[in-house]
Amino acid sequence: MLSNSDTQSVKPPPSRPYLIPALDAVKSSGQCNMFDSNCVIRVMQNLGYVEQANWLAAHLDNYLDILMNDYLTLLLLRG
């Protein structure tokens, strides 16, 4: 059985709010499939979102969750 501290250590890091505008810019550029994390990171860097690209690269294991939960939810709310 996992202790409380063990379960906390496996939680994904929270998505940073400043990541959303960077994801928007990548999507709007049409340069890559949003499921291709390497392309997304490269395009973020090329568009000047270097800090966001570095954060995403450091949390790559959570990219799909960020994309599907945070970003897609926001897009759906925008209508």
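The values are calculated or read from the model by the stated rules, or taken from the named source; none is laboratory data. Everything numeric here is computed off the predicted structure, so don't read it as measured data. Note that we place each Cβ from the backbone using ideal geometry, even for glycine, and neighbour counts take in every protein chain shown.
Give the residues of the stretch 42-65 that are in a helix (DSSP H, G or I) and free of Cβ contacts under 8 Å to residues at least 24 places away in the same chain, sorted by residue number.
As a first pass, look at the stretch 42-65 and keep what is in a helix (DSSP H, G or I): 42-46, 50-58, 60-65.
Hits for the stretch 42-65 are ARG42, VAL43, MET44, GLN45, ASN46, VAL50, ASN54, ALA57, ALA58, LEU60.
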Out of LEU77, LEU72, which single residue is loosely packed, with under 11 Cβ neighbours inside 10 Å, part of a helix (DSSP H, G or I) and either at pLDDT 95 or above or not charged (D, E, K, R) (or both)? LEU77
